[in-house]
1. Taking the DSSP beta bridges in segment 102-212 as the whole, what percent of them are antiparallel, to the nearest 5?
2. Provide the gained length on full extension for the span ASP119 to LEU59, in nm with one decimal, where the gain is 0.36 nm per separating residue minus the Cα-Cα distance.
3. Give, as a single signed number, the net charge of other residues whose beta carbon lies under 11 Å from the beta carbon of GLN219, with Lys and Arg counted +1 and Asp and Glu -1.
4. For a quick check, take a GNM of the chain with Cα springs below 10 Å and name the residue from ASN29, ASN209, ASN158 with the largest mean-square fluctuation.
5. Convert each backbone phi in segment 83-93 into a coupling constant with the Karplus relation 6.51 cos²θ - 1.76 cosθ + 1.60 (shift: θ = phi - 60°), then list the ³J(HN,Hα) values in order as whole Hz, x for Gly and Pro.
6. Relative to 2.2 N^0.38 Å, what does the C-alpha radius of gyration of segment 111-222 come to as a ratio? Two decimals please.
7. Sorting check: for 160-172, 36-48, which peptide has the highest mean count of neighbouring beta carbons within 10 Å, and how do the rest follow?
8. Test of understanding: extend the Cα→C-beta vector of ASN158 to 7 Å, then name every residue of segment 55-99 with backbone N under 18 Å from that spot.
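Derivation of every value follows stated rules applied to the coordinates shown; laboratory data play no part. Since the model is a prediction, treat every value here as computed from it, not as a measurement. As a convention, Cβ positions derive from the backbone with ideal geometry for all residues, glycine included, and neighbour counts pool all protein chains shown.
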Amino acid sequence: MKNWLRDNKGFIAFILLLGVFRGAIADWNPVPSGSMHPTILEGDVVLVNRLAYDLKVPLTHTALARLGEPQRGDIVVFNSPQDGVLLIKRLVAVPGDVVEMRGKRLLINGAQADYQLLDASTEALDHGMTLPVQQVRERWGDQQRTIQWLPALNTAANFGPVTIPADQYLMLGDNRDNSRDSRYIGLVPRALMKGRAERVLVSAAILDNWMPRLERFGQSFY
């Protein structure tokens, strides 16, 4: 055993440093679900900046220092407060905000977001079925993003108003009618945030032919 450790000490050091790097500095996570359509697709591997908000002890939720404040519009990777599952959603409301949704339309601090209908298309389901999809440009303040509604569904179209307490955040999926987010799992404590998703590293069509989607390589979210 000692000989093996001596002969492989370089490889062991690399693995340990890689673990520290992924646990404390940056990480990359494959996305298995469609809750962030059209921004993030199944098969995207996203780069996560783990130093965006807090410096943490690797593999723990213990913060050593605050490095930055989560902002509305950030795409955040976090552990679900309900069951610990790793999720990726968009941060919509920060501490002190009063947020609600009426008829799928978002209101923050009494100001309703503006909505512009974009392309209508379909989304593939199991067994060759499809579902109508409406892409929408959502604007609130100086922020804008493309989200997705499913006209055939009316999932959690209304909630709130909710006042966001200190160190808690409201997360929504961009695929608003097909996302298990804060409407179901509750607000997300800062301690459960892993980091901010920055861009797509690589992507493959895992629901189709597994071919690489070269046009998505390196695509930024901001």
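1. 95 percent
2. On the way: separation 60, 0.36 × 60 = 21.60 nm, distance 4.16 nm.
Roughly 17.4 nm would be gained on extension.
3. Taking every Cβ under 11 Å from that of GLN219, the sum is 0.
4. ASN209
5. Here the 3J(HN,Hα) series is 9, x, 5, 6, 10, 9, 9, 9, 7, 10, 9 Hz.
6. Dividing the Cα radius of gyration by 2.2 N^0.38 Å gives 1.24.
7. My ranking of the peptides, most packed first, is 36-48, 160-172.
8. Residues 99 fall inside that zone.
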